[in-house]
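Right, one structure below, let's go through it.
The values are calculated or read from the model by the stated rules, or taken from the named source; none is laboratory data. Because the structure is predicted, anything quoted here is derived from the model rather than measured. Virtual Cβ from ideal backbone geometry, glycine too; neighbours counted across all protein chains shown.
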Amino acid sequence: MKKKNGQHFSRLSLRRVAIDTYKENVAYLSRDCSVYRAEGFQALAKVEVVCNSRRIQAVLNVVDDDRIVGNCELGLSEQAFAQLGAEEGAEVRVAQAEPPASMDAVRRKISGERLVLKDYQNITLDIAQNRYSRMEMAAFLVSTGQNGLDRDEVLSLTRAMIETGVRLNWNEPLVADKHCIGGIPGNRTSMLIVPIVAAHGMLIPKTSSRAITSPAGTADTMEVLAHIALLPEALNKLVRLERGCLAWGGTTKLAPVDDVLISVERPLGIDSQGQMVASILSKKVAAGSTHLLLDIPVGPTAKVRRMRDAMALRKLFEFVGDRLNLRMEVMVTDGRQPVGRGIGPVLEARDVMLVLQNHPEAPLDLREKSLRMAGRIIEFDPDVRGGQGYAIARGILESGRALAKMNRIIQAQGAQEQTLAPGHLSYEVHAQRDGVVTSIDNYLLANAARLAGAPMAKGAGVDLFAKLGDTVQKGQPLYRVYAEFQSNFDFAREFTAAHNGYGIGDPSEMPASFTEFEP
């Protein structure tokens, strides 16, 4: 054992443990290891691991199986092993880790104090450098969610998150982007907006995350058609060539602290407005966007359920965006029901391609919403007069130029060789009475699609046959559920038997729509 800067370091042999711990560094030490006994390590304590000049921090797991780690070995999970950058068998030193200094700011926030930019910079830097355990990150998220963030704190957190990663610069005065705050299944407008806007000639490099709690994200759905994991050099070349892309943002390291916080935030069910605004805008600014269209759906089972909440959220986005030199347009849209017919990657990709092909069976609500939003983005163009964007977008779609642009983007990203189809296992859910569809529960239908296997099983999901206002008869199918595996099929069927997600009654019972346009 060796003492350095007050820490006792003990030497062990490094072992790679093939476990994906998803954005958390984990170390494994045998309970019979002399170091474990001598240093007084405890499970879930944080340790510092050093090899040559590289050092990382990790959460300690204690092992009772020598097939995982031996008595003289220190195991590291996949992420931790990659970060340390040493070869298996290398000599490593391990010691108790000192708590991150920024935890003092977290404790102050828990007590209800207001934090300043420097506090958030220190916190995000420690998180980016893997000095926080999941418990410590949870404490930070709960403190900001429970006690709230004022608008200056949201701005400070956003700026701090931007500073932790790469910031793209496209060297153009207008770089457009679009984002939806989420909560509405099937809302794949981005996959229509990008080819329309890019065909107009505007730069729109759309990077998206994979779904965490939803049945599909834009990246999951685009992956049905093309490769999405593009290295920064390939992404840059593609965007320069086609004026747009639909890629996964995980390879670009844009505001990486956001990805780490989301991995803790979602399982806890924490979704504070301040965190959401910082999460979205940090990614957009880091991606080099200068102009952003934001979609806030409002409905009884949407993420935002009241118009006054949508207006408050809109003002917060505009305040932060303005101070980050990001020009924003915020649209409040109909969140009373899913958009399109399909919920799940394959079914949503089908809907997108039907709209691009101007097919008579294309879902009209998805088409109309996408045209309205694409038109608003086109009006960012200084050569386009206000009010002309919709007509321009519709002309691009109806002429086939949007489809041609999408096909070029797919080929440039690398078209998928295998054509995916809906899952081979399916069943239908039927109306239990005559009447009019008065409500569709976004959350329940999204949950049904996830239980069926989406998004991991691309062909899993829900295909809707009836939407709000439709007249149905008892026994008529409301939707079909697809699955690829029997276990998922059984989970989904049991769930929808208890919660089919549809309300059927009199047209007067249908909730009003508080939106800027009707679909």
* Among (1) among the acidic types (Asp, Glu); (2) closer than 30 Å to Ile262 by Cα; (3) at pLDDT below 95, where does Glu39 come up short? -> (2)
* **Pairs, first in the same structural domain as Asn61 (by TED's automatic domain parsing) in segment 30-41, second in a helix (DSSP H, G or I) and of a type in the set (Val, Ile, Thr), C-beta under 9 Å, six or more apart** => Phe41/Val35
* Hey, Asp470 hits all of (1) without any contact (Cβ under 8 Å) to a residue 40 or more places away in the chain; (2) touching a helix residue (DSSP H, G or I) at 6+ places or on another chain (Cβ under 7 Å) but one; which does it fall short on? -> (2)
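I'm checking my understanding of the structure. Among residues of segment 79-106 that are in contact (Cβ under 8 Å) with a residue 24 or more places away in the chain and within 21 Å of Arg159 (Cα to Cα), which one is surrounded by the fewest Cβ atoms within 10 Å (Cβ to Cβ)? Give the derivation first.
Step one: of segment 79-106, the residues in contact (Cβ under 8 Å) with a residue 24 or more places away in the chain are 79-81, 83-103, 106.
Now drop any that are not within 21 Å of Arg159 (Cα to Cα), which leaves 100-103, 106.
On the way: Pro100: 22, Ala101: 11, Ser102: 22, Met103: 17, Val106: 24.
The qualifying residue surrounded by the fewest Cβ atoms within 10 Å (Cβ to Cβ) is Ala101.
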* **Pairs with Cβ under 6 Å, 6+ apart, first in segment 420-443 and at positive phi, second buried (at least 18 other Cβ atoms within 10 Å of the Cβ) and not aromatic (Phe, Trp, Tyr)** => Gly435/Ile504
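Determine whether Arg67 is within 16 Å of Val17 (Cα to Cα) and out of contact with any Gly (no Cβ under 6 Å at 6 or more places or on another chain).
Details: within 16 Å of Val17 (Cα to Cα): yes; out of contact with any Gly (no Cβ under 6 Å at 6 or more places or on another chain): yes.
Taking the combined requirement at face value, the residue satisfies it.
Mind checking which residues of segment 261-299 are aliphatic (A, V, I, L, M), at pLDDT below 90 and either buried (at least 21 other Cβ atoms within 10 Å of the Cβ) or over 25 Å from Thr21 (Cα atoms) (or both)? First the steps, then the outcome.
Just the residues of segment 261-299 that are aliphatic (A, V, I, L, M), to begin with: 261-262, 264, 268, 270, 276-278, 280-281, 285-287, 292-294, 296, 298.
Filter once more, keeping what is at pLDDT below 90: 261-262, 264, 268, 270.
Result: Leu261, Val264.
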* Structure fact -> Within segment 350-362, the residues that are touching an Asp or Glu at 6+ places or on another chain (Cβ under 9 Å) and touching a residue at least 40 places away in the same chain (Cβ under 8 Å) are Asn358
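Just checking, which of Gly217, Gly250 is under 30 Å from Leu149 (Cβ atoms) and surrounded by fewer than 18 Cβ atoms within 10 Å (Cβ to Cβ)?
On inspection, the qualifying residue turns out to be Gly250.
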* Structure fact -> Flagged pairs (Cβ under 8 angstrom, 6 or more apart or on separate chains; first in segment 196-211, in contact (Cβ under 8 Å) with a residue 24 or more places away in the chain; second of a type in the set (Val, Ile, Thr) and in a loop (DSSP other than H, G, I, E, B)) are Thr207/Thr252
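Return a yes/no flag: does segment 484-496 have any residue that is of a type in the set (Phe, Trp, Tyr) and touching a residue at least 60 places away in the same chain (Cβ under 8 Å).
yes
Only one of these is assigned by TED's automatic domain parsing to the domain that holds Arg240 and either of a type in the set (S, T, N, Q) or in contact with a helix residue (DSSP H, G or I) (Cβ under 9 Å, 6 or more places away or on another chain) (or both): Ala457, Ala393, Ala449. Name it.
Numbers: Ala457 fails: assigned by TED's automatic domain parsing to the domain that holds Arg240; Ala449 fails: assigned by TED's automatic domain parsing to the domain that holds Arg240.
Just one listed residue meets the conditions, Ala393.
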* Asked: Leu115 passes all but one of (1) more than 20 Å from Asp150 (Cα to Cα); (2) touching a Lys or Arg at 6+ places or on another chain (Cβ under 6 Å); (3) not basic (Lys, Arg); which number fails?
  -> (1)
* Note down all Cβ pairs under 8 Å where the first residue falls in segment 308-330 and is farther than 25 Å from Asp381 by Cβ, the second is surrounded by fewer than 16 Cβ atoms within 10 Å (Cβ to Cβ) and of a type in the set (A, V, I, L, M, F, W, C), and they're at least six residues apart or on different chains. => none
* Evaluate segment 369-389: report whether one residue or more is under 22 Å from Ala216 (Cα atoms), outside the structural domain of Leu468 (by TED's automatic domain parsing) and of a type in the set (D, E, K, R). => yes
* **Within segment 457-467, tally of residues that are closer than 22 Å to Ser439 by Cα and either free of Cβ contacts under 8 Å to residues at least 40 places away in the same chain or out of contact with any Gly (no Cβ under 7 Å at 6 or more places or on another chain) (or both)** => 4
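Among the helices (runs of 4 or more DSSP H) contained in segment 308-411, which hold 2 or more residues that are modelled with pLDDT under 95, under 19 Å from Met202 (Cα atoms) and under 23 Å from the mean Cα position of the chain (by Cα)? Reasoning before the result, please.
On the way: elements: 345-356, 364-378, 389-398.
Output list is empty.
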* Listing of helices (runs of 4 or more DSSP H) fully contained in segment 126-244 that carry 3 or more residues being within 19 Å of the chain's Cα centre (by Cα), modelled with pLDDT under 95 and farther than 27 Å from Glu348 by Cα -> 134-147
* Asked: So how many residues does segment 320-358 have that are closer than 18 Å to Asp295 by Cα, touching a Phe, Trp or Tyr at 6+ places or on another chain (Cβ under 8 Å) and surrounded by 24 or more Cβ atoms within 10 Å (Cβ to Cβ)?
  -> 1
* Asked: Taking segment 419-437 as the region of interest, how many residues are part of a loop (DSSP other than H, G, I, E, B), touching a helix residue (DSSP H, G or I) at 6+ places or on another chain (Cβ under 6 Å) and at pLDDT 95 or above?
  -> 1
* The one condition in (1) at pLDDT below 90; (2) in a strand (DSSP E or B); (3) in contact with a helix residue (DSSP H, G or I) (Cβ under 6 Å, 6 or more places away or on another chain) that Arg11 fails to fulfil -> (3)
* Mind checking which residues of segment 280-307 are aliphatic (A, V, I, L, M), assigned to a helix (DSSP H, G or I) and under 20 Å from the mean Cα position of the chain (by Cα)? -> Ile280, Leu281, Val285, Ala286
* Asked: Failed condition for Leu445, given (1) of a type outside the set (S, T, N, Q); (2) surrounded by fewer than 19 Cβ atoms within 10 Å (Cβ to Cβ); (3) under 21 Å from Asp365 (Cβ atoms), with all others met?
  -> (2)
